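Please read the structure below before turning to the comments.
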Amino acid sequence: MSGFLCARGIEPAPDKRDVDAFVYDWDDAFVAEALRHGLGAVAVADHHDGAFLPDVIAAAKRLGPVFGPPR
């Protein structure tokens, strides 16, 4: 069985037609979980995670109270 590790655990590999929706859901879950724990920043330390970085930034803009450089 192949799958992806996400905030909800191991998710089965999505059908290729559903990849965009899967990434959108993953990013929202990632940012929501970070906010739930009171985090104001996260580190991206793996090249696989780096591929999601633009989508994580977009999710942070949608879900986060403030997005931008530290003051």
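Residue-level analysis places residue 70 among those that are modelled with pLDDT under 70, assigned to a loop (DSSP other than H, G, I, E, B) and loosely packed, with under 14 Cβ neighbours inside 10 Å.
Out of everything in the stretch 44-61 that is aliphatic (A, V, I, L, M) and either modelled with pLDDT of 85 or more or not in a loop (DSSP other than H, G, I, E, B) (or both), what residue ends up being least open to solvent (accessible area, probe 1.4 Å)? Show your work before the answer.
At the first step, the residues of the stretch 44-61 found to be aliphatic (A, V, I, L, M) are 44-45, 51, 53, 56-60.
In the following step, the residues that additionally are either modelled with pLDDT of 85 or more or not in a loop (DSSP other than H, G, I, E, B) (or both) were identified as 51, 53, 56-60.
Working: 51: 74, 53: 69, 56: 16, 57: 64, 58: 39, 59: 0, 60: 20 Å².
For the stretch 44-61, the residue satisfying everything is 59.
For residue 41, indicate whether it is more than 21 Å from residue 9 (Cα to Cα) and modelled with pLDDT under 85. Yes.
The values are calculated or read from the model by the stated rules, or taken from the named source; none is laboratory data. These numbers were taken from a predicted model, which means no experiment stands behind them. Using ideal geometry, Cβ is built from the backbone for each residue, glycine included, and neighbour counts are taken over all protein chains shown. Side chains are part of the model used for accessible areas, which takes the heavy atoms of the whole protein and leaves out ligands, DNA and RNA. Shrake-Rupley method; radii C 1.70, N 1.55, O 1.52, S 1.80 Å.
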